[in-house]
Structures are given as structure tokens and as C-alpha cells.
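Participant: Sharing a structure below in C-alpha cells format, with a few things to ask.
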Amino acid sequence: MQHRYIGKSGLRVSPICMGTMTFGTSCDKQEAFRILDYVYDKGINFYDTAELYPVPPSRELAGITEKWVGEWMATKPRDSIILATKVAGAANGWFVPPIRHGLTAIDRFHIKRAVEGSLKRLRTDYIDLYQMHWSDTIVPIEESLRAFDELVREGKVRYIGTSNDTAYGLTKANEVAKYEKLARFESIQNNFSLNNPRFLDELAGVCKKEQISLLPYSPIAGGVLSGKYNQPFIDENARYAWYLKNKNPRVQSQATRFVNEKSLASTAKFVEIAKKYEMSPVTLAVAWSMSFDFVASTIIGATKLSQLDESLKALEIKLSSEMLNEIKKVQSEIMYPMG
């Protein structure tokens, strides 16, 4: 397997990362361990989790995913795994996390509390990549970076990254890190897929010029790009069928962002392209996200072991210029299906 480096760091990762956000809700512990063992045996060395997982977030389940990952990781040589996790973003952001009594912030206190909790749950003395789950609009980035830098100096964290961030946020943070001589963000973990190519507008340029890696999540748009929501009958256990029944308006709005008239129309066209080239639409979607030079590793997810092979086949695929041009045509005809 060809490995890639994250940013300017020493983290050498597989081009596919195993995401774990469903472990504890739609994926039970036994199946989660089967999934983790399977991808490990396939050569995947990069695993991503968060203190807030599983999703949808809840006070009762927060932290369960890290506990399971830690229990599984104890069965493997620690140095064979590149482990990423995240501190929950600020409560002044897009929603209030159901942890630490809904008072989270990206300040020194919360960063320290979060990392100590994660280390304990993960049964490890260090985290390879520690990420800010989303930014804080109140706490100065200087304070956040100093706290992250302390963790690096203490050896609890090797490198740091951000997530769900903007071109301004990423650039501002790393300019501050440069002039204050602090650890910088080596990666950014943002939503990026055939149905959501917005990263290409500005952030891709920042990443290429500053040698920062994108770790795309939701490369199959939460399962939408598999084509399952284009079927006459949708499984009631499918994520967004389930989300639409959730009483939380934020969860419902997330479902309509992913599943709407434009996203289903573009998905239908991508399914046809995949069919033309005799591959699964899931394989096409994952391979597309991996095809950019600023991408270090694409984060896949699964609730069942049987879902993995179509994503892992992307490791064997290189999209031709003809295929890429057909994809660009769809994206120009149906612009920004996810808004």
C-alpha cells in the first residue's frame, strides 16, 4: 500500500482512514470490532474518532466510541496505528455539545480536560493527531494554539489539526502559530464529496500552498452517493430516514442537506458514470476524493462489515481524465447540491 504524509508531519498514513462515528448507535460493539479487525488486516493504519462520538451526539453515549476503539486498539501493537481524535467544538458554534454540561470551549481548560478524558478512554499515553472538532468564535485562536502546543511539548499529542474550518480560520491559525512559534495545524478535516465539492473553491488553494492535508469525511455523502436514496423504497433504518424522524431540528436539517432534489439528481448521474465504467458508485466516490494531491487520507465509515469492500476497492482505482471530465460536467450542471 502506498502511504501518504499528513501535512509536514511525520505521520505516514494509508490513503483510506477508518472512521468510527457510528460505533455505539447504528453499529454495535461486536460489529465495530469486526470492522476494525477487517480493515487493519487490509493494511489500513489510520483511525479517526472523537470525544463526542457516536452520532447523533447524546449525553448518554458520548465517549462510548473512544472506549471501544481503545479496547480494540489494546489488541494491536500501538505503534502500528495512527490514531486521531477530536476535542468537541465550542458551545457558541453550530450546536451545543451534550458534554461538560454544554459549556464547551476551545480554551486551555476544556482542551486539557478533553485530552485527559480521551487518553483514558483510548487506553493510550499519546494521540497521533489531535483535532479541533470545530472552531471557537469567542476564544482567541492564540489561547487555543498555546494549549494545543503544550500537549505537543508534553508528548501527549504528536501533531494537531482542525476540522469543519474555513479558509480564513485555517490561514489565521497557522499564521499565528508561525509568528508565536507554536505547533501548527497539519490537517483539516472537512466534508468533501462528489455532491459537496466546495473545498475546491478556496480551501484547496490554502492546503496546496501551505502543505496542509485535507482528511475528507463523508466521501459518499452519508451513503447518498451509493444511490440507495434514489430507490422507490428506502430502508427505514437508513441514516437519513432515521434522522428525519429525530425530534432535534438540527438533525432533521442535516438530513435535508444531504437528501434533497438536487443531491438525488446529481447522484443519479454519478451512478450512471459508475455503471458505464463498471464500478460501484461508492468506489467511484471514494476514489474521486482520494484523487487530489492535497488529500492525505479519505475517511470512510460503515455500520456493517459488508459495506467495506466497495470503499476499499478505491485503493485499486485510478480515475482516468475522461472519467474526471464527466464528473466535472455533472458538477457544473448541478452546482452545490448540498448548498
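The values are calculated or read from the model by the stated rules, or taken from the named source; none is laboratory data. Predicted, not measured: the structure shown is a model, and the values here were computed from it. Cβ sites come from the backbone with ideal geometry, for glycine too, and all protein chains shown count toward neighbours. Surface accessibility is based on the protein's heavy atoms, side chains included, excluding ligands, DNA and RNA. Shrake-Rupley method; radii C 1.70, N 1.55, O 1.52, S 1.80 Å.
Participant: Given charges of +1 on the Cβ of Lys and Arg and -1 on the Cβ of Asp and Glu, with all other atoms neutral, how large is the dipole of segment 1-148 about its Cα centre, in debye to the nearest 20?
Facilitator: Details: 19 positive and 17 negative charges, 39 e Å.
Computed about the Cα centre, the dipole is about 180 debye.
Participant: If you add up the charges near Ile106, with Lys and Arg at +1 and Asp and Glu at -1, over every other residue whose beta carbon is less than 10 angstrom from its beta carbon, what do you get? Don't jump to the answer; show the numbers that get you there.
Facilitator: On the way: positive: Arg108; negative: Asp107, Asp136, Glu143.
Taking every other residue near Ile106 into account, the sum is -2.
Participant: Taking all protein chains in place and a 1.4 Å probe, what share, in percent, of the accessible surface of the chain do carbon and sulfur account for? Each step should come with its number before you reach the end.
Facilitator: Details: 7920 of 15360 Å².
Whole-percent figure for carbon plus sulfur exposure: 52.
Participant: Sum up the charges of everything whose Cβ sits under 13 Å from the Cβ of Glu175, counting Lys and Arg as +1 and Asp and Glu as -1, but leave Glu175 out. Can you show the working numbers first?
Facilitator: Details: positive: Lys172, Lys178, Lys181, Arg184, Lys209; negative: Glu142, Glu180, Glu210.
With Lys, Arg at +1 and Asp, Glu at -1, the neighbours total +2.
Participant: Also, quick follow-up: Can you list which of the chymotrypsin sites (Phe, Trp or Tyr not before Pro) found in segment 1-97 are DSSP loop residues with at most 15 other C-beta atoms within 10 Å? Working shown, then result.
Facilitator: Values: sites: Tyr5, Phe23, Phe33, Tyr38, Tyr40, Phe46, Tyr47, Trp68, Trp72, Trp94, Phe95; in loops: Trp94, Phe95.
Of the chymotrypsin sites (Phe, Trp or Tyr not before Pro), the ones in loops of segment 1-97 whose Cβ has at most 15 other Cβ atoms within 10 Å are Trp94, Phe95.
Participant: Is segment 1-100 best put as rounded, prolate or oblate by its Cα gyration tensor, with a ≥ b ≥ c the root eigenvalues, rounded for a/c under 1.5, and otherwise prolate when a/b is larger than b/c, oblate when not? List each step's numbers first, then the result.
Facilitator: On the way: a/c = 2.36, a/b = 1.39, b/c = 1.70.
In terms of gyration-tensor shape, oblate.
Participant: Continuing with this model, one more query. Once both axes come from the Cα atoms, what is the angle between helix 167-180 and the longest principal axis of the chain, in degrees from 0 to 90, rounded to 10?
Facilitator: Helix 167-180 sits at roughly 30 degrees to that axis.
Participant: Using a 1.4 Å probe, what is the accessible area per residue for the chain, in Å²?
Facilitator: Working: 15360 Å² over 339 residues.
Here the per-residue accessible area is 45 Å².
Participant: Scan the chain and hand back the longest stretch that contains none of the GluC sites (Glu not before Pro) lying in DSSP loops with at most 11 other Cβ atoms within 10 Å.
Facilitator: That would be 61-235.
Participant: Just in segment 244-300: which chymotrypsin sites (Phe, Trp or Tyr not before Pro) are loop by DSSP and have at most 15 other Cβ atoms within 10 Å? Intermediate values should be presented prior to the final figure.
Facilitator: On the way: sites: Phe258, Phe270, Tyr277, Trp288, Phe292, Phe294; in loops: Tyr277, Phe292, Phe294.
Answer by residue number: Tyr277.
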